[in-house]
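Undergrad: The structure under discussion is supplied below as structure tokens; questions concerning it will follow.
The values are calculated or read from the model by the stated rules, or taken from the named source; none is laboratory data. Note that the coordinates shown come from a computational prediction; the quantities given were computed from them, not determined experimentally. Here the Cβ positions follow ideal geometry from the backbone for every residue, glycine too, while neighbour counts run over all protein chains shown. In case anyone asks, the SASA skips ligands and DNA or RNA and just uses the protein heavy atoms, side chains included. Shrake-Rupley method; radii C 1.70, N 1.55, O 1.52, S 1.80 Å.
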Amino acid sequence: MGANASNYPHSCSPRVGGNSQAQQTFIGTSSYSHQGYGCESKLYSLDHGHEKPQDKKKKTSGLATIKKKFIKRRKSSRSADHAKQMRELLSGWDVRDVNALVEEYEGTSALKELYLQANLARPEARTLQKDMAELYQYKYCTDVDLIFQETCFPVHRAILAARCPFFKTLLSSSPEYGAEIIMDINTAGIDMPMFSALLHYLYTGEFGMEDSRFQNVDILVQLSEEFGTPNSLDVDMRTLFDYMCYYDVVLSFSSNSDLVETFGGSQNCLDEELRAHKAIVSSRSPFFRRLLQRRIRTGEEITDRTLRTPTRIILDESIIPKKYAKVILNCMYTDVVDLSVLHSSPSVGSLSEVQALVAGKLNMTRAEEAMELYHIALFLEFSMLAQGCEDIIAESISLDTLIAILKWSSQPYGSKWVHRQALHFLCEEFTQVMTSHVFYELSKDHLLTAIQSDYLQASEQDVLKYLIKWGEHQLMKRIADGEPNLLSGTAHSVNKRGVKRRDLDIEELREILSPLLPFVRIEHILPLNSEVLSDAMKRGLISTPPSDMLPTSEGGKSNAWLRQKNAGIYVRPRLFSPYVEEAKSVLDEMMVEQTDLVRLRMVRMSNVPDTLYMVNNAVPQCCHMITHQQVSTNQSNPPSVIANEIPVPNLLVVKEMIKRLQELCHTEQVQRAYALNCGEGATVSYEIQIRVLREFGLSDGAAELLQNPQKFFPDERFGDESPLLTTRQSGRCRV
């Protein structure tokens, strides 16, 4: 390396520093401000996300231990109360009705599995290996040509030198830019395709072609003796990042000098640069790729080559704070989002740090840093970094951070994937949330989404009880906000003296709760003589008594819980864990006692595939199968948008989506969900369609594209058989 360092101006050196003669490219602020990064200067506070050392010590104190035990005992006591209420409900039921309820719960559980998979679905981020394969294929920013058997292979000096000892020695003898090196390989039997595969292996860790010669141990041994045995791609790219051998681009940062001088910054701080390789940054970020390609078209690149100076890219620090630059570069070379880099490097008094100090955000939590970095990743179009930030934010979701993350993720510039994870946390921990102060900070929209879920972990009585409390809190807040400023903060203010419950206006309270109460499943409130329900009816918050309270011809209490006995609109019982476990326990006891009465829990249908029973259920057209509707001949052009806002993807993408949809429909898990939800085929199919849409980066509103692709591509056939109509072996179907 010492031999070529004098000839090649940036062969191997530390990552900080630069050449004053470098050509400059300035990146402005206009395009990024519209993506949401500048829409709101203050991130939502997540002060509870980090635990200070003294906080950890407090947790280990005896008082905290007693408190934990008390909370745990209280939770177990609540669970026991719920189980007792379910057992009392089932005490008068026939064993067949209990069995039907348990099967209903099993069907809902199968749906929940599909829902969770759709919840986690997102487009696959491009990995380092995939981007390196594309780099080798499209030859972005190559700087040396290898000539083998009269064929030219444009390659990247830094990558081959980092990956292969043979090329490291060979390239050091020709340090000039664009050098042509004639290859002389001693290993017998290496032709042009095999040499290309060898280069592909150095870029990606895979040969990229099927060739029996690569299975020949003797040839592999000869290649390793001549070229050396490379490390794994991750190790070599990590080494390349640490030492930056043959770097050819430097990243500089501009800032407001007046603001920096005011707060004690120095010009030396502004001159700090970070070194990188054009090949890596252009392969990982389309933003940097377009920037470097524009320099080539304008001729600026020729000047850099003539002067043998690295290209300098000046970034606006108000868009990309300098403190995140090392995190971004580290992810480009390693596929790892490591926020510890932010705290390991000493402060350099950058503009971003001064602005953070002014805004009071100097000590940001890990989740807040990930939120800010997520916006930068979207700007750079760097999907691996964006998803890494999403993972960090999702891991930080807790009772203390829930509200802030829900607010951030529900904004147009937030992450929909993080929003789904936060809502899932809300539903799973709803019992804990509603007994804390966090519950009263929830917005009406988030609360509405939670109580509409079939998987909400709370009893209907608790849902009703705390919804009313939430409404009363909102009404008191409205009264406090409406009082004169003269009283605010005094002993006569609402916040000080409080408001008695009887003084609240019932009409206003009913108006606040009107969007929420219809989604409380009143028919499933336990115990049957619930005081919470009676009180709500007395106050006029609930006008109609539940159907289960009305006299019926059968006079039974199971009508509201069972699909086949419900005379009106059936509402599925929530998959509330204490109820489910107790129902299963009661059924097991009944099955032992009444084995002779109930011979089979599931009835086997005679020689007819269960998939055909699914089709026989009355399911709306286009809901759970791919249809081929005939497009009228007078329609000149098929629609170009879905749901009036989503552009129709190209045909190849749609075919891949339908192929993926059919793959999922054939899985055992999905077939089980269909079998356990014979009358809910459309619901099962919708969960699969949503999963596929999210995997391909489309919004949920594009479901019609998978339900009826013929509408958008009338001249194409997408397979004559529906994934649902594929026959399997005879199975079991719930009746």
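Undergrad: Suppose we filter Val341, Val327 for residues that are farther than 17 Å from Leu135 by Cα and crowded, with 19+ Cβ neighbours inside 10 Å; which single one remains?
TA: Val327
Undergrad: Which is of a type in the set (A, V, I, L, M) and at pLDDT below 75, of Val249, Val217, Val221, Val281? Spell out how you get there, then give the answer.
TA: Details: Val249 fails: at pLDDT below 75; Val221 fails: at pLDDT below 75; Val281 fails: at pLDDT below 75.
Within the list Val249, Val217, Val221, Val281, the selection yields Val217.
Undergrad: Turning to a different aspect of this structure: When residues of region 692-718 are filtered for being in contact with a helix residue (DSSP H, G or I) (Cβ under 9 Å, 6 or more places away or on another chain) and either of a type outside the set (D, E, K, R) or buried (at least 21 other Cβ atoms within 10 Å of the Cβ) (or both), how many remain?
TA: Just the residues of region 692-718 that are in contact with a helix residue (DSSP H, G or I) (Cβ under 9 Å, 6 or more places away or on another chain), to begin with: 692-696, 698-707, 709, 711-713, 716-718.
Now drop any that are not either of a type outside the set (D, E, K, R) or buried (at least 21 other Cβ atoms within 10 Å of the Cβ) (or both), which leaves 692-694, 696, 698-699, 701-703, 705-707, 709, 712-713, 718.
Summing the residues that are in contact with a helix residue (DSSP H, G or I) (Cβ under 9 Å, 6 or more places away or on another chain) and either of a type outside the set (D, E, K, R) or buried (at least 21 other Cβ atoms within 10 Å of the Cβ) (or both) in region 692-718 gives 16.
Undergrad: Which residues, taken from region 221-248, are in contact (Cβ under 8 Å) with a residue 12 or more places away in the chain, in a helix (DSSP H, G or I) and within 29 Å of the chain's Cα centre (by Cα)?
TA: Leu233, Asp234, Met237, Arg238, Phe241
Undergrad: So, in region 294-317, of the ones that are free of Cβ contacts under 8 Å to residues at least 12 places away in the same chain and outside any loop (DSSP other than H, G, I, E, B), which residue ends up most open to solvent (accessible area, probe 1.4 Å)?
TA: Here the residue is Arg297.
Undergrad: Determine if region 642-661 includes at least one residue that is out of contact with any strand residue (DSSP E or B) (no Cβ under 9 Å at 6 or more places or on another chain) and modelled with pLDDT under 50.
TA: Taking every residue of region 642-661 in turn, none turns out to be out of contact with any strand residue (DSSP E or B) (no Cβ under 9 Å at 6 or more places or on another chain) and modelled with pLDDT under 50.
Undergrad: OK, next. Which pairs have Cβ atoms under 8 Å, sit 6 or more apart or on different chains, and link a residue in region 523-544 that is farther than 19 Å from Pro573 by Cβ to one that is of a type in the set (Val, Ile, Thr) and surrounded by fewer than 16 Cβ atoms within 10 Å (Cβ to Cβ)?
TA: Arg539/Ile506; Gly540/Ile506; Leu541/Ile506
Undergrad: Do we have Ala121 as in contact (Cβ under 8 Å) with a residue 12 or more places away in the chain and open to solvent by less than 30 Å² (accessible area, probe 1.4 Å) here?
TA: yes
Undergrad: Report whether or not Thr127 is among the hydroxyl-bearing types (Ser, Thr, Tyr), in contact (Cβ under 8 Å) with a residue 40 or more places away in the chain and under 30 Å from Gln689 (Cβ atoms).
TA: Yes: the conditions hold for Thr127.
Undergrad: Oh, and also: In region 575-588, is there at least one residue being β-branched (Val, Ile, Thr), buried (at least 16 other Cβ atoms within 10 Å of the Cβ) and modelled with pLDDT under 50?
TA: no
Undergrad: Can you name the residue in region 217-234 that is among the hydrophobic types (A, V, I, L, M, F, W, C) and surrounded by 13 or more Cβ atoms within 10 Å (Cβ to Cβ) and is also farthest from Leu160 (Cα to Cα) among such residues?
TA: Once the filter is applied, the top-ranked residue is Ile219.
Undergrad: Moving to a separate point now. From the set of residues in region 172-212 that are open to solvent by less than 20 Å² (accessible area, probe 1.4 Å) and in contact (Cβ under 8 Å) with a residue 60 or more places away in the chain, which is farthest from Val235 (Cα to Cα)?
TA: Among those residues, the one meeting the criterion is Pro175.
Undergrad: To continue, here is another question. Which of the helices (runs of 4 or more DSSP H) found entirely inside region 374-483 contain at least 1 residues meeting this: under 15 Å from the mean Cα position of the chain (by Cα) and of a type outside the set (Gly, Ala, Ser)?
TA: Once the helices (runs of 4 or more DSSP H) in region 374-483 are filtered for at least 1 residues that are under 15 Å from the mean Cα position of the chain (by Cα) and of a type outside the set (Gly, Ala, Ser), what remains is 383-395, 402-409, 416-428.
Undergrad: For region 375-389, give me each residue that is surrounded by 24 or more Cβ atoms within 10 Å (Cβ to Cβ) and either in contact with a strand residue (DSSP E or B) (Cβ under 9 Å, 6 or more places away or on another chain) or more than 14 Å from Ser285 (Cβ to Cβ) (or both).
TA: Across region 375-389, the qualifying residue is only Cys389.
Undergrad: I've got another one for you. Can you tell me which residues in region 146-171 are under 25 Å from Met332 (Cβ atoms) and surrounded by fewer than 20 Cβ atoms within 10 Å (Cβ to Cβ)?
TA: Result: Phe153, Pro154, Pro165, Lys168.
Undergrad: Something else: Counting only residues that are closer than 20 Å to Pro310 by Cα and part of a strand (DSSP E or B), which one in region 125-179 is nearest to the chain's Cα centre (by Cα)?
TA: Val155
Undergrad: Can you run down the residue pairs with Cβ atoms below 6 Å, 6 or more apart or on separate chains, where the first is in region 680-705 and within 16 Å of Ala110 (Cα to Cα) and the partner is of a type in the set (Phe, Trp, Tyr) and open to solvent by 10 Å² or more (accessible area, probe 1.4 Å)?
TA: Glu687/Tyr115
Undergrad: To continue, here is another question. For region 692-717, which positions are among the hydrophobic types (A, V, I, L, M, F, W, C) and either within 20 Å of Gly681 (Cβ to Cβ) or assigned to a loop (DSSP other than H, G, I, E, B) (or both)?
TA: Filtering region 692-717 for residues among the hydrophobic types (A, V, I, L, M, F, W, C) gives 692-693, 696, 698, 702-703, 705-706, 712-713.
Those that are among the hydrophobic types (A, V, I, L, M, F, W, C) and either within 20 Å of Gly681 (Cβ to Cβ) or assigned to a loop (DSSP other than H, G, I, E, B) (or both): Val692, Leu693, Phe696, Leu698, Ala703, Leu705, Leu706, Phe712, Phe713.
Undergrad: While we're here: If you go through region 667-678 one residue at a time, do you hit one that is under 23 Å from Arg717 (Cβ atoms) and either part of a loop (DSSP other than H, G, I, E, B) or modelled with pLDDT under 95 (or both)?
TA: No, region 667-678 contains no residue that is under 23 Å from Arg717 (Cβ atoms) and either part of a loop (DSSP other than H, G, I, E, B) or modelled with pLDDT under 95 (or both).
Undergrad: I've got another one for you. Which pairs do you get when a residue that is farther than 12 Å from Met590 by Cα and aromatic (Phe, Trp, Tyr), found in region 90-105, comes within reach of a residue that is open to solvent by 10 Å² or more (accessible area, probe 1.4 Å) and part of a helix (DSSP H, G or I), reach meaning Cβ atoms under 6 angstrom, with the pair 6+ apart or on two chains?
TA: Matching pairs, first to second residue: Tyr105/Val580.
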